Amino acid sequence: KNQVEQSPQSLIILEGKNCTLQCNYTVSPFSNLRWYKQDTGRGPVSLTIMTFSENTKSNGRYTATLDADTKQSSLHITASQLSDSASYICVVSAQQAGTALIFGKGTTLSVSS
Amino acid sequence: GAGVSQSPSNKVTEKGKDVELRCDPISGHTALYWYRQSLGQGLEFLIYFQGNSAPDKSGLPSDRFSAERTGGSVSTLTIQRTQQEDSAVYLCASSLLEGGNTEAFFGQGTRLTVV
């Protein structure tokens with residue numbers, strides 16, 4: 001069964017600290033993995049996409065990694081800011097056309113001053 | 001429209017009343033997903049529509065929940081005899097179904113409060 005699991009469910013960190021969010025999946029055959037950021041009261045928006053051949057990709061203070069062998073991805077946030085407080089959702093796509101996207105439950109990050 | 005549109009953005013209803021939530025997906029997107037977010041529960045799958053195929057209703061929590069998608073476009077999620085535990089943000093997403101680089105686009109959500 002295709003599944004996506006995220007951890008931790010929630011996280012509280014101090015402003016300026018780093019953190020790492022995890023996403024494990026069992027989707028096969030794997031095509032790509034996207035991380036979404038959902039600000040409070042808004043819909044999720046795509047942060048980054050990781051394809052099978054990519055190991056790491058950065059978007060400002062966000063760095064996503066992918067290990068296709070262990071089927072794990074992480075989202076690392078450096079020097080966190082209050083504006084990073086949000087839910088982060090991992091969504092995995094399979095290769096076959098017509099296959100539903102698989103969504104993780106998300107990690108809620110709270111950055112405090 | 002340019003994005004996924006959900007209405008209403010906020011809905012307060014009395015316990016026992018029926019509510020309808022609407023989702024307008026991006027034009028041409030064959031896949032449509034309904035999810036809900038409850039405090040502390042994360043994203044919870046409800047139902048998935050794919051083109052003309054039978055929808056995947058496996059996530060609907062009870063028979064009070066139903067959804068339809070007319071003409072392969074607009075979708076309505078109906079909750080009958082609402083209960084307080086139905087209070088949540090209901091998110092709709094749509095995508096193309098061409099495998100590979102499919103991206104889900106989300107609406108802003110409908111915040112439902114049952115009092």
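Of the residues making up segment B:37-70, those that are within 17 Å of residue A:4 (Cβ to Cβ), out of contact with any Lys or Arg (no Cβ under 7 Å at 6 or more places or on another chain) and not in a loop (DSSP other than H, G, I, E, B) are B:37, B:45, B:48, B:56. In segment B:19-27, the count of residues that are at negative phi, in contact with a helix residue (DSSP H, G or I) (Cβ under 8 Å, 6 or more places away or on another chain) and either at pLDDT below 95 or not in a strand (DSSP E or B) (or both) is zero.
Can you say whether residue A:110 is in contact (Cβ under 8 Å) with a residue 24 or more places away in the chain, more than 11 Å from chain B (Cβ to nearest Cβ) and part of a strand (DSSP E or B), as far as the supplied structure shows? It is true that residue A:110 is in contact (Cβ under 8 Å) with a residue 24 or more places away in the chain, more than 11 Å from chain B (Cβ to nearest Cβ) and part of a strand (DSSP E or B).
Conditions tested, residue by residue: (1) out of contact with any helix residue (DSSP H, G or I) (no Cβ under 7 Å at 6 or more places or on another chain); (2) surrounded by fewer than 19 Cβ atoms within 10 Å (Cβ to Cβ); (3) away from every other protein chain (no Cβ under 11 Å).
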| site | (1), (2), (3) |
| --- | --- |
| A:4 | yes, no, no |
| A:13 | yes, yes, yes |
| A:16 | yes, yes, yes |
| A:21 | yes, no, yes |
| A:34 | yes, no, no |
| A:38 | yes, no, no |
| A:46 | yes, yes, no |
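Pairing residues of segment B:43-58 that are within 8 Å of chain A (Cβ to nearest Cβ) with residues that are of a type in the set (Lys, Arg) and crowded, with 17+ Cβ neighbours inside 10 Å, at Cβ distances under 6 Å and at least 6 apart in sequence or on separate chains, gives B:43/A:105; B:44/B:36.
The values are calculated or read from the model by the stated rules, or taken from the named source; none is laboratory data. In this text the structure is predicted, and so the values were computed from the model without any measurement. Methodologically, a virtual Cβ is constructed for each residue, glycine included, from the backbone with ideal geometry; neighbour enumeration extends over all protein chains shown.
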